[in-house]
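Every read-out reported here was derived from the displayed coordinates using simple, explicitly stated rules and does not represent laboratory data. Note that the coordinates shown come from a computational prediction; the quantities given were computed from them, not determined experimentally. Reconstructed Cβ throughout: ideal geometry from the backbone, glycine too, with neighbour counts over all protein chains shown.
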There are 2 protein chains.
Amino acid sequence: MKIAVLGTGMVGHALAGKFVALGHEVMMGSRESGNPKGVEWARTSGPLAHAGSFAEAAARSELLVNATPGTVSLAALAEAGEANLNGKILLDVSNALDPTSGFPPSLTVCNTDSIAESIQRTFPEVRVVKSLNTVSAPVMVDPGMLPGPHDIFMAGNDETAKTTVSGLLQAFGWAPDHIRDLGGLDAARGLEMWLPLWLRIFMQQPHGKMFNIGIVSE
Amino acid sequence: MKIAVLGTGMVGHALAGKFVALGHEVMMGSRESGNPKGVEWARTSGPLAHAGSFAEAAARSELLVNATPGTVSLAALAEAGEANLNGKILLDVSNALDPTSGFPPSLTVCNTDSIAESIQRTFPEVRVVKSLNTVSAPVMVDPGMLPGPHDIFMAGNDETAKTTVSGLLQAFGWAPDHIRDLGGLDAARGLEMWLPLWLRIFMQQPHGKMFNIGIVSE
């Protein structure tokens, strides 16, 4: 599959690298097609790895990943261009952490709205699926690094888009019965509002120790 | 210990019943001292069980539990009377679910504030500890009902108050290494913002099956 990963941060690198390792052709997109981080990633990641602008990445890809900060995602997707997005699946892994709010950060959107829903409203022909925003980048692409069963969530209005995303998650190593479909895209509110608790748990973890949650049920 | 449980709903009943079973003397508090639910609970729960107004319950107790809906907690505590609260530990288990917002409900407070913090600001001499709001009432008082390790969280500014609450949680059956102290009371924001995700997981659970989350860490 041809995949655009929008964003050149840790999350973008983790996902782009994993997609290439799985044999997909990937373009890492950024605001400027000559972005040094994107160019360097493409140079060192083999023939399937490319770098370009948001618009170049979106235009050539069948599936897109929004790995930009949630605070700038709408602007990034506008640069990608609605015509380059329409009809495509957009896996939104973003979190809207307010960079001006100190640490731990608060959210710029929550409770009665979410970044994922704002993307869906702005680009109604895009098939938005929220997932992976609840874990660190290394856990996203290598769930087996944690001992014992743990869970990943998914929300979206398009069932076939969720089936495609579930297939990608399974290729990453997520067990099918631990990929939890929470229903429509409004469930993204809960997924994004998990971050404040995630941050507090993170602050109490031994330094650098990755973690996630598993649902323990009767 | 003499404990006031403020609130006559499912959570109040579960906690008051458990405290009595553990040998504590409990008064279930409500707006009216003749509240039928409180009176009936006291009548059927043995000699350690009493019912009264918020103020009567608070005045006679060493520790208080806020099991009222978060949307009315400040009003309930004002009725309990600041003088009856000062210096005491208040275990706040409330959630501020907006009853006017449909299902699943949104929160009336979140992100940059929490019910627990608003209680602490309004009653600065009360030793507020947030805990237990992240699970259903049956799980609060019987964590062993779920198979496998799972976690409960705690936040508060008073270390000795948290030690006391931790002792109560352990008496309920929570394992010491699964009682996670997240630090100061501002961590209650994360605990209260967990609810929207909890509700979405709840909606996907088989009917009536209790659940919680366990932290899976490297």
Positions within segment B:160-218 being polar (S, T, N, Q) and in a helix (DSSP H, G or I), in sequence order = B:Thr160, B:Thr163, B:Thr164, B:Ser166, B:Gln170, B:Gln204
What about A:Leu182, is it free of Cβ contacts under 8 Å to residues at least 40 places away in the same chain, among the hydrophobic types (A, V, I, L, M, F, W, C) and either facing chain B (nearest Cβ under 7 Å) or crowded, with 22+ Cβ neighbours inside 10 Å (or both)?
-> yes
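Of all the strands (runs of 3 or more DSSP E) wholly in segment A:41-130, which have at least 1 residues that are of a type in the set (S, T, N, Q) and touching a residue at least 12 places away in the same chain (Cβ under 8 Å)?
By residue number, A:49-53, A:63-66.
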Assess whether A:Arg127 counts as being of a type in the set (Lys, Arg), within 13 Å of another protein chain (Cβ to nearest Cβ) and either within 24 Å of B:Asp151 (Cα to Cα) or surrounded by 22 or more Cβ atoms within 10 Å (Cβ to Cβ) (or both).
-> no
Might you let me know whether segment B:149-159 holds any residue that is closer than 23 Å to B:Lys18 by Cα and out of contact with any helix residue (DSSP H, G or I) (no Cβ under 7 Å at 6 or more places or on another chain)?
-> no
Qualifying position, being crowded, with 17+ Cβ neighbours inside 10 Å and either polar (S, T, N, Q) or within 14 Å of chain A (Cβ to nearest Cβ) (or both), among B:Asn86, B:Asn111 | B:Asn111
Count - residues of segment B:130-153 that are of a type outside the set (Phe, Trp, Tyr) and at the interface with another protein chain (Cβ under 10 Å from one of its Cβ atoms) = 11
